[in-house]
1. Which residue out of 106, 146 is closer than 29 Å to residue 230 by Cα, of a type in the set (Asp, Glu) and under 17 Å from the mean Cα position of the chain (by Cα)?
2. Quick one: is residue 408 closer than 25 Å to residue 109 by Cα and hydroxyl-bearing (Ser, Thr, Tyr)?
3. Show the residue pairs that are 6+ apart or on different chains and have beta-carbon atoms under 7 Å apart, the first residue being within the range 475-498 and within 24 Å of residue 224 (Cβ to Cβ), the second being of a type in the set (A, V, I, L, M) and surrounded by fewer than 16 Cβ atoms within 10 Å (Cβ to Cβ).
4. Can you name the condition, by its number, that residue 358 falls short on among (1) surrounded by fewer than 16 Cβ atoms within 10 Å (Cβ to Cβ); (2) among the small types (Gly, Ala, Ser); (3) outside any helix (DSSP H, G or I)?
5. For the range 172-187, does any single residue satisfy the condition of being over 28 Å from residue 270 (Cα atoms), over 27 Å from the mean Cα position of the chain (by Cα) and either outside the structural domain of residue 481 (by TED's automatic domain parsing) or assigned to a helix (DSSP H, G or I) (or both)?
6. Kindly indicate whether any position in the range 199-218 is surrounded by fewer than 18 Cβ atoms within 10 Å (Cβ to Cβ), over 26 Å from residue 26 (Cβ atoms) and at pLDDT below 95.
7. Looking at the range 20-47 only, could you name the residues that are of a type in the set (Phe, Trp, Tyr) and either within 21 Å of residue 292 (Cα to Cα) or surrounded by fewer than 16 Cβ atoms within 10 Å (Cβ to Cβ) (or both)?
8. Could you list, in sequence order, the residues of the range 96-117 that are within 14 Å of residue 173 (Cα to Cα) and either in a loop (DSSP other than H, G, I, E, B) or aliphatic (A, V, I, L, M) (or both)?
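The values are calculated or read from the model by the stated rules, or taken from the named source; none is laboratory data. Just so you know, these numbers come straight off a predicted model, no measurement behind them. Cβ sites come from the backbone with ideal geometry, for glycine too, and all protein chains shown count toward neighbours.
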Amino acid sequence: MTFQQLVLPFEDLIGGGQVLGIKRTRRIFVNRDLRLTGAAYIGFDMDYTLAIYDQPEMDQLSIQATAQKLVKRGYPEHILDVPCDTQFPIRGLLIDKRFGHILKMDRYKGVQRGYHGLRQLSKEELRTLYQSKKLRPTTPRYHWIDTLYALSEAALYAAIVDSFERRGLAVDFTRLFIDIRECIDEAHGDGTILDAVLADLPRFVVKDTELAPTLHKFRSAGHKLFLLTNSRWSYTDRMMTYLLGGSVPEYPTWRHFFDVVIVAAQKPAFFQQRRPLEERVGDELRPATFPLERGKVYQGGNLHDLERLLGVTGDRILYVGDHIYGDILRSKKESSWRTAMIIQEMEAEVLAHDACASDLARIDELQGKRDKLEDELRYFQARYKDLARQIDAHSAKGENGVTLTHLSAERIRSKRGVEHIRALLREVEKESILLGDRIDKRFHSYWGSLLKEETEKSSFGDQVEEYACLYTSRVSNFLAYSPLQYFRSPRDLMPHEL
């Protein structure tokens, strides 16, 4: 008996022509295989993770508050009106406080581009200062810009350096950056920034209506959730109430979404030091007791005590955060926690990458053409040298005639072949540079791609790959996946496998 395969009317089921799947801008990207079924607890940072800030508004607020504090320290009042391009910095930049430069590095810590103020440094300047000797980015001379919170200080630093030098004013680059850092920390510490945010949350915080359903979905699948934030209790309570309060009837308050709430955690010290975990009772702090209770609020603590009190360790915990160092790198280095990094810029990064598809394909095509031409060049160069040796040998014997004439003609043809191929290679290189510049501008007008630098990963991209098991643009992207999802990383190819 012969059976005929039935064709199901899938197009009718999905509305005719509708594309199944998750939009690339909302996908979760995988560096290492991860089964959500293995995560007994899923922990979350708050700022820039659960709470997504409006970056331009936050940058302007931080810049204004910092500039005002700088003026109180004796800086000229004109810095209050200095044009400050908040689109200038990206994460993963390195401040060279000695020279007032802002740099972008590749995965090998090689500086490939940089700015002094808003003036782009030349290739020769970069080679002289950073490429002719080993750069040590962890020394006090340098400062990493690795959070969205820190973008405003890089923007203000570049703007003031640029303004002072245009006015012919002397600049102590190191002192200026230290003052900016201290002033922005002071503005956060004394409430100048945080009070302004709390006074107008809709202006500064993007409320994600899919956040509560995402957390509920995790809980419904049996995952336990915890909040681990550096923010203080008063700020955390106001922010989380705004984000989650009244969003799902089953949760009387935002605290009911979480099995454990820890504030003022002081990450990355939380992962490295043995600070005591305390329970907040009103305005009082008491030693925390086991078991940790849902609905209570805890403060401080450390990695080891948290694992002990939760009753789980290592890869049974998935932690979701935005800070490559404080959340992702340190938790990965000090424990075997699994990690998911929130990179708000990923949506723009993916859109730019997709817009460059034809240019990227052409770059690959040119690379293949370059490889072929270089093989041909090596052949003609070797042929030319071999013919030159043969001509010398015949000439040394005093020979002259058809053989020598033929060899000389062949050498001329080989030389012309070398010159022709070199001309083609120059054309390939010229087109590649133009395409590379065009691709960079689609990502970011100053720095190109956040995660790449030329053909390599950027220093930031390298850290994301090494320490983040997963990365995505926002927590609510998990809503489109099963809470028991098995995230599989793509096959990692070495150059000889390509």
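1. Working: 106 fails: closer than 29 Å to residue 230 by Cα.
None of the other options fit; the residue is 146.
2. Details: closer than 25 Å to residue 109 by Cα: no; hydroxyl-bearing (Ser, Thr, Tyr): yes.
The answer is no for residue 408.
3. Within 7 Å, the pairs are 480/22; 483/221; 484/221.
4. Status for residue 358: all satisfied but (3).
5. Our first condition is that a residue be over 28 Å from residue 270 (Cα atoms); within the range 172-187, this holds for 172-176.
Checking the rest, the ones that are also over 27 Å from the mean Cα position of the chain (by Cα) come to 172, 175.
Going one step further and asking which of them are either outside the structural domain of residue 481 (by TED's automatic domain parsing) or assigned to a helix (DSSP H, G or I) (or both), we end up with 172, 175.
Yes - at least one qualifying residue is present in the range 172-187.
6. So far as the range 199-218 goes, no, none of its residues is surrounded by fewer than 18 Cβ atoms within 10 Å (Cβ to Cβ), over 26 Å from residue 26 (Cβ atoms) and at pLDDT below 95.
7. Start the filter on the range 20-47 by keeping residues that are of a type in the set (Phe, Trp, Tyr), which leaves 29, 41, 44.
Correct list: 41, 44.
8. As a first pass, look at the range 96-117 and keep what is within 14 Å of residue 173 (Cα to Cα): 96-102, 115-117.
Selection gives 97, 98, 99, 100, 102, 117.
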